[in-house]
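These notes concern the structure reproduced below.
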Amino acid sequence: MSDARPAVEQVQAAYTQAIAEVRTVHGIPLLRMRKQDLPTVAHFLHTNPNLRGSLSLLWAVDHRPREARYELCYLFTLAKRKDWLLLATDLHGEEREFPSITPHLHAAKWYEREIRDLFGLIPVGHPDMRRLVRHEHWPKGSHPLKKEFPWDRVLGRVQGQYAFRKIHGEGVFEVPVGPIHAGIIEPGHFRFSVAGEPIMQLEVRHFWKHRGIEKLFEQQQLTEAVPLSERVSGDTSVGHSMTYCQAVETLLGVEVSPRARYLRTLFLELERLHNHIGDVGAICNDTAYALAHAHCGRMKEQLMQLNDRLTGSRFLRGVNCVGGVVLDLSGIQLAQVEVELNALEQDFSAIEKIVFANASLTERLENTGILTEGIAWDHAVMGVVGRASGIDRDLRRDRPFAAYDVLQPNVALYRYGDVRARMRVRLDEIHESIRLIREVRRGLPLGRLVSQPMHQPQPGAWALSAVEGWRGEILYMVMAGEEGRIHRCKVRDPSFVHWPAIQWAALGNIVPDFPLINKSFNLSYAGNDL
Amino acid sequence: MFRIINKSLKTGVVTGDHPDTEAPPELVSREAIEKAKPFRRSLTIREVDTGSCNACEMEMNALANPVYDVERFGVHIAASPRHADALVVTGPVTVNMERALKDVYKATADPKIVIALGDCAVNCGMFKGSYAVTGPVDQHIPVDVRIPGCPPRPVEILAVLAELRKDCPNSDQ
Ligand code: SF4
């Protein structure tokens, strides 16, 4: 996409000295520079009023054994047309330090800590050098994504303790919650500092579920890792597998057929539907409105059973494969889907009316857990959470994939950033998903399901891919290795971006409202911890 | 108010609106049934996730929805292991969750049963061998019942729970 040119030129004009190389990687402009110039260029990209780049992804690659270097890549989404721009730098030989950009860009904070933990590279100048992914009991020097680290030797255990940020003062006390919680939810630790009722500070300590997924990817063949991607975050099986497949398809030069693209759209929207309806119910449940929860639970179940009938999996697993989709739907099945969804939409609208007629419920949702547009922007927040805080981003519209270039989704946008706004976004998207599925049925073209690869990728070739899952932007970077293997696979679930943001949304709220705020974000622990 | 009643009447009862399982569960051993005897009429479950992909959790949550309504069989989900008769563990045990799992096991009062839910909990599934995974659940705590599947459907979980607590001829019901 050469339309990012002006941006590249602006950066080039401003930093002629710094930039060593300009090229495009599958249509995305990439600027390579010396590491010491990175912070200034990143700062320029982020703050320049014409560009306003938001950091979407930051990843590292260990190029050994082919080359003795580490590479760092920074993906920016530019404000105006949501174009992508990449910055890259190399650490050669024994170099282990790179300058942190976190002092300029808040959104880089967790990425840089993650890189430090997984690669042992040190972000010099980072304001928070505590461990993130590695818990304190991991032995010193275990950096799993270094190539010499064995994927299958279980980590040892040493003593150590995480130092939580402390607030000192009279009447301030800490409330630790987790890692095991009261409901049926995933493990994670929350540390509240409170004085009286309001939360003064919240610190999340996650990565309890770290399973080494990125390392496991490196043990697989490019074409065979789809089941693993479905298990990054179970509730987003379609979203993750689709993002993975798209990246590999770019690498292999596969042109996915229009029919497969439409079917993928259908499955992605079905996934959005059951999750959003479940979330609406769960938000109501956390305000103790069991009636709406029961109705939504019933409808969610109805959708899961529909998924099961269509694909043999309640989570729509096993539908995506590299090159297209595994399974076809007949005209009769599609007609049934439409009938069922029409009924469901009516059913759901009735519940919506009941919910919003209930003042004691909406009262709880308003002004609770506000994430302001400013903070959302600083953290590069997107997806449902972003769209509730005035961040107008949706990959389905901005960088169309699957069949969204034809289908043209409408994007829900709210500004208040409270729980109600996040619920509102979901409600709008539920109706929009049903509309899109109708459109899919109407426009579904004929054609093959799976397309064949054109070529084998060179070792070291890589591709990026992005999908708007039901939570937000899912990003994958897949780099090919020798003989069709994966050299590196960077997985980014939107939860990784939103967990730091939730710490801000909770401030000033009372602890009993936190479960409600958390539900309105509904972030994945599994997708975050990897 | 009228709207709510109207909606409830129109919706009717949805409990049991699900396809049945095909295969009857052969997975529950005699010993497990014997061990579950005290809980035949009421079983309180604490769910522990030690590193799942969260699909198994979603299916556990689904058990509480109106369609499966597990409470009608006297199964409750407890908020604390101290109140639980059974632990349902999902996911392979990650290095970071190993301690927490053992602590939860200790905190659960005897007698107790442990149910490993999903392929991951039974044999680590896709995550087998990873540096961050210490092994399946039975590597760390004794497991009485194993429910394979990725994830097992809620009906399958229900069927195992029913099998586990089925009437023995010499029981006093
Ligand atoms: S068994 Fe399957 S569904 Fe359950 S946690 Fe493991 S990967 Fe997820």
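The values are calculated or read from the model by the stated rules, or taken from the named source; none is laboratory data. What you are looking at is a predicted structure, and each value in this text was computed from that prediction instead of being measured. All Cβ positions, even for glycine, are placed from backbone atoms using ideal geometry, and neighbour counts span all protein chains on display. The accessibility values were calculated without ligands, DNA or RNA, using every heavy atom of the protein model including side chains. Shrake-Rupley method; radii C 1.70, N 1.55, O 1.52, S 1.80 Å.
Structural remarks
- Cβ-Cβ distances below 8 Å connect the following pairs, each with a first residue in segment A:503-521 that is without any contact (Cβ under 8 Å) to a residue 60 or more places away in the chain, a second residue that is open to solvent by less than 30 Å² (accessible area, probe 1.4 Å) and assigned to a helix (DSSP H, G or I), and a separation of six or more residues or different chains: A:N518/A:I502.
- Residue check, B:N170 modelled with pLDDT under 90, part of a loop (DSSP other than H, G, I, E, B), buried (at least 22 other Cβ atoms within 10 Å of the Cβ) and more than 15 Å from the ligand (Cβ to nearest atom): no
- In the set B:N6, B:N65, only one residue is part of a helix (DSSP H, G or I), away from the ligand (no atom under 16 Å from the Cβ) and under 28 Å from A:H293 (Cβ atoms); that residue is B:N6.
- Residues being at the interface with another protein chain (Cβ under 7 Å from one of its Cβ atoms) and out of contact with any Lys or Arg (no Cβ under 7 Å at 6 or more places or on another chain) - total across segment B:57-73: 5
- The listed residue being more than 9 Å from chain A (Cβ to nearest Cβ) and in contact (Cβ under 8 Å) with a residue 12 or more places away in the chain, out of B:P81, B:P38: B:P38
- Identity of the residue in segment B:91-114, free of Cβ contacts under 8 Å to residues at least 60 places away in the same chain and in a strand (DSSP E or B), that ends up farthest from the ligand (Cβ to nearest atom): B:V114
- Exactly one residue among B:V48, B:V14 is within 14 Å of chain A (Cβ to nearest Cβ) and assigned to a strand (DSSP E or B), and that residue is B:V48.
- Residues being small (G, A, S), outside any strand (DSSP E or B) and open to solvent by less than 10 Å² (accessible area, probe 1.4 Å) - total across segment A:422-471: 3
- Test: residue in segment A:489-502 that is modelled with pLDDT of 90 or more and part of a loop (DSSP other than H, G, I, E, B): yes
- As for segment A:296-305, it holds at least one residue that is more than 16 Å from the ligand (Cβ to nearest atom) and more than 10 Å from chain B (Cβ to nearest Cβ).
- Residues of segment A:392-417 satisfying the condition of being open to solvent by less than 10 Å² (accessible area, probe 1.4 Å) and charged (D, E, K, R): A:D394, A:R396
- Hey, A:N320 free of Cβ contacts under 8 Å to residues at least 60 places away in the same chain and in the same structural domain as A:F496 (by TED's automatic domain parsing) or not: no
- Subset of segment A:328-340 (residues that are at pLDDT below 90 and crowded, with 16+ Cβ neighbours inside 10 Å): A:L329
- Counted residues, segment A:341-358 - those being more than 13 Å from chain B (Cβ to nearest Cβ) and open to solvent by 30 Å² or more (accessible area, probe 1.4 Å): 2
- Filter result for the condition that a residue is within 16 Å of the ligand (Cβ to nearest atom), at positive phi, at the interface with another protein chain (Cβ under 8 Å from one of its Cβ atoms) and not polar (S, T, N, Q), over B:G118, B:G125: B:G125
- Take the conditions (1) without any contact (Cβ under 8 Å) to a residue 12 or more places away in the chain; (2) among the charged types (D, E, K, R); (3) crowded, with 19+ Cβ neighbours inside 10 Å; B:E71 misses just one of them, which is (3).
- Residues of segment A:290-319 that turn out to be open to solvent by 10 Å² or more (accessible area, probe 1.4 Å) and either aromatic (F, W, Y) or touching a Ser or Thr at 6+ places or on another chain (Cβ under 6 Å) (or both), as a count: 1
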